[in-house]
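Here's the structure, in structure tokens; my notes come after.
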Amino acid sequence: MARMRVVARTRPALARSSQPTSAREPEALPWVLFDTQPFTSASTATATYWQAVQNDKTLGNMEGPGQLPDPQYFEIHYIGLDFLLTPNSVAAVAVAGPLNDIAQFLFNQRGIWTFSISNKRVGPFPLSFLHGSGGPTGYLAITNAASAQKNEFANNGIFDGGFCVGGAVLIPPKVGFDTQFLLAAAPTLQTSPLNVRLWMAGALYRRVL
């Protein structure tokens, strides 16, 4: 069950919280910045995130390429990664499938990621530290002797919030930043192109008016 802190507050305290004393001071909101890049089987081994505004808003929510508009600040608390895979039916003896596609990134091709801001690097670190934000939860199985098929789905790690940054990195407005992915070689994937979504959860500070 989700937890929330419930405490009694005085009317003056509620008024201060709901009505800023100055329009020059920012409001703070929980926020998730995300961007998605496609990986094509046996072709894509690198990708750079946050560099373009996605026309399809289900793929990303950056307002500008490579930086935040003025006067926005983003305080990063968690970074994670989602492989946008759906359950697949594959031959019972085949290795290929969603589980193998994820393993190609994390282990077979030893994926690493590096966050850069104002040409200062954080990383590189293994991709396996970036866990998923959520996904289908359930169980699916099939017995079919005639076609010898199996149904398979997979998620990226445990849904634990991702790699904890704890607010140690702050993105100011109009300062360039990106995240680069590097694989040892282009992976062979069953799902191609495979959309891989990178996200950062934290606090967004923006003007009130």
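A 1.4 Å probe over all protein chains sorts M4, M62 by accessible area into M4, M62, starting with the largest.
Kindly sort T44, T179, T86 by accessible area of their heavy atoms, largest first, with the probe set to 1.4 Å. Please report the intermediate quantities before stating the final value.
Working: T44 25, T179 5, T86 90 Å².
Highest to lowest solvent-accessible surface, that is T86, T44, T179.
Note on the chain: GNM, Cα springs under 10 Å; of E75, E25, E63, the largest mean-square fluctuation is that of E25. Accessible area per residue was computed with a 1.4 Å probe on protein heavy atoms; S43 scores about 80 Å². Taking packing as the residue-averaged number of other Cβ atoms within 10 angstrom, the listed peptides 197-207, 154-164 run from highest to lowest as 197-207, 154-164.
Note on L33: accessible area is roughly 10 Å² with a 1.4 Å probe, heavy atoms of protein only.
Leaving out ligands, DNA and RNA, and with a 1.4 Å probe, what % of the accessible surface on the chain is carbon or sulfur? Present the calculation step by step, with values, prior to reporting the outcome.
On the way: 6930 of 12530 Å².
Carbon plus sulfur share of accessible area: 55 percent.
Taking the Cα centre of the chain as origin, sum charge times position over the Cβ atoms of Lys and Arg (+1) and Asp and Glu (-1), and report the length of that vector in debye to the nearest 20. Walk me through the intermediate numbers first.
On the way: 15 positive and 12 negative charges, 146 e Å.
It works out to roughly 700 debye.
Determine the per residue accessible area of the chain with all protein chains present and a 1.4 angstrom probe, expressed in square angstrom.
Details: 12530 Å² over 209 residues.
Ligands and nucleic acids excluded, the result is 60 Å² per residue.
Using the Cβ-Cβ distance between L182 and E27 with R0 = 35 Å, the FRET efficiency computed as 1/(1 + (r/R0)^6) comes to roughly 0.40. The accessible area of H77, taken with all protein chains in place and a 1.4 Å probe, comes to roughly 60 Å². The candidate values are (1) 11.6; (2) 15.0; (3) 14.0; the one derived from this structure for mean projected area of the Cα convex hull in nm² carries the label (2). Of all DSSP beta bridges confined to the chain, the antiparallel ones make up roughly 100%. With both labels modelled 7 Å from their Cα along Cα-to-Cβ, the T46 to R3 distance reads 4.4 nm.
Model label points for I158 and E63, set 7 angstrom from Cα along the Cα-to-Cβ axis, are 3.7 nm apart.
The values are calculated or read from the model by the stated rules, or taken from the named source; none is laboratory data. In this text the structure is predicted, and so the values were computed from the model without any measurement. Methodologically, a virtual Cβ is constructed for each residue, glycine included, from the backbone with ideal geometry; neighbour enumeration extends over all protein chains shown. SASA here: full protein model, heavy atoms, side chains in, ligands and nucleic acids out. Shrake-Rupley method; radii C 1.70, N 1.55, O 1.52, S 1.80 Å.
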